[in-house]
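Notes follow the structure.
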Amino acid sequence: MTPRSRRQFISALSAGGIGGFLSCFSNGPGFVSGTSEAFGTSVSLTIIPPPEVDPHPLLDLAFAEIERLEAIFSLFEPLSPLRRLNDQGFLNAPPPELITVLALSDQIHNLTQGAFDPTVQSLWELYESHFATHPTDEVGPPDEAIAEARRRVDWKAVRFDSSEIRFSKPGLKLTLNGIAPGFAADRVADLLMAKGVEHALIDCGEFRAIGDQGNGAPWPVEIRGPEAVGTVGQATLEGNALATSAGYATAFDLEERFHHLFHPSRTSFQPASRVISVEAPTAGFADALATAGGVMEWGDFQTVAKALPGVKVTRFEAD
């Protein structure tokens, strides 16, 4: 058995949902929408174009940008910059977008006392491999295998500047799945605003709003659990972002004891049914912070969030 991918999870949602845990239920005159797939999920754009502007080139431009960014951050495309970095342990002349995301990752890593750590990819690969061959196992990988994988989890061993990224410890691997979709939503927002768009909702798995719905009303968004649970909460966005994290989105085992939200220094997992939602000024920040919240104790996470301007965190239980 392989872990349920986010795309598989989304396909199980009831018709009409867009995005991973989140779905926009706005509509109205003047709205133009489009959908595609990227980052292992459905992505969607809803915009109110400027007067007398053809919206279709705007949608095409936005989706092309998402596709371009996905090609940088892909773990599976052999020639992607991230994949080459993981394979080689270094990357010369990295794309500036990769450097920007690493810098933001470093900021969130420090803010969350290390809970956000993109070097957990070695743990992801271990659990994926283990449960692919032991689908009914209730214990998880052997302790010695976990300890070996954890020796390759060390964000401080990632060195980067505009000219090079290099791992100072052998065997490190990065995953930017917990920040890159939000970053992509922010980049699309910047692109659309530069073209004169003042009202839009961008969903790359995490949401970024430009303005409101054009009538003074914020964008309403529902936070969704598994199909059997449905909506677990709601939020409204106006020029800000929303990201959500939950273990059940990618569970390795049938009972959902083990999932993709790895704490870099603990062997235990938060309950898969726990849903952490973060509102923040930008989607990249919200995405990474929600990822950290998915592994932190709730009280500790609240303490971190209270010190951050424009940040609101909420916990739901999807059971």
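Every number here is computed from the coordinates shown, using simple stated rules; none is lab data. Here the structure is a predicted model, which is why all the values come from computation and not from measurement. All Cβ positions, glycine included, derive from the backbone under ideal geometry; neighbour counts span all protein chains shown.
The table below lists the values:
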read-out: Answer residue from the range 264-286, given it is among the hydroxyl-bearing types (Ser, Thr, Tyr) and in a loop (DSSP other than H, G, I, E, B) and is nearest to residue 109 (Cα to Cα) among those; value: 265
read-out: Boolean, residue 237 is over 17 Å from the mean Cα position of the chain (by Cα) and of a type in the set (A, V, I, L, M); value: yes
read-out: Residue list for the range 57-85, filter: free of Cβ contacts under 8 Å to residues at least 24 places away in the same chain and either farther than 20 Å from residue 186 by Cβ or more than 16 Å from the chain's Cα centre (by Cα) (or both); value: 57, 60, 64, 68, 76, 77, 78, 79, 80, 81, 83, 84
read-out: Considering residues of the range 113-139 that are under 25 Å from the mean Cα position of the chain (by Cα) and more than 23 Å from residue 166 (Cα to Cα) only, the residue surrounded by the fewest Cβ atoms within 10 Å (Cβ to Cβ); value: 132
read-out: The range 287-304: number of residues that are over 13 Å from residue 109 (Cα atoms) and surrounded by 24 or more Cβ atoms within 10 Å (Cβ to Cβ); value: 1
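Results for (1) over 18 Å from residue 288 (Cβ atoms); (2) in contact with a Leu (Cβ under 7 Å, 6 or more places away or on another chain); (3) free of Cβ contacts under 8 Å to residues at least 40 places away in the same chain; (4) surrounded by 15 or more Cβ atoms within 10 Å (Cβ to Cβ), shown as yes or no for each residue.
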| site | (1), (2), (3), (4) |
| --- | --- |
| 147 | yes, no, yes, no |
| 153 | no, yes, no, yes |
| 174 | no, yes, no, yes |
| 178 | no, no, no, yes |
| 181 | no, no, no, yes |
| 187 | no, yes, no, yes |
